[in-house]
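J.: Input: one structure, supplied below.
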């Protein structure tokens, strides 16, 4: 089964992100949006660039925590 690009973008995911003031604030910040783009295009370089930035680390840990949970749910639902 192939998921469309937006099938993973559920109301529950949006609610989880919106419930975090930190994530909402960071997602409006161009610096953090640039970091997301860098992780998408060149993950190793982004880790080198942002790996020692505690604010960036906290942001990505929280974001990936939510996205990782969604990925797990999707993998289970796709395999069933």
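J.: Going by how many other beta carbons lie within 10 Å of each one, how would you line up 56, 33, fewest first?
T.: 33, 56
J.: A further question follows. When the chain is fully extended, how far beyond the present Cα-Cα distance does residue 44 get from residue 31, taking 0.36 nm per residue of separation?
T.: 2.9 nm
J.: For residue 22 and residue 9 in the same chain, what is the full-extension length gain: residue separation times 0.36 nm, less their Cα-Cα distance, in nm?
T.: On the way: separation 13, 0.36 × 13 = 4.68 nm, distance 1.94 nm.
Separation in residues times 0.36 nm, less the Cα-Cα distance, equals 2.7 nm.
Each value in this text was obtained by applying a stated rule to the coordinates, not by laboratory testing. Predicted, not measured: the structure shown is a model, and the values here were computed from it. Every residue, glycine as well, gets a Cβ built from its backbone with ideal geometry; the counts of neighbours run over all protein chains shown.
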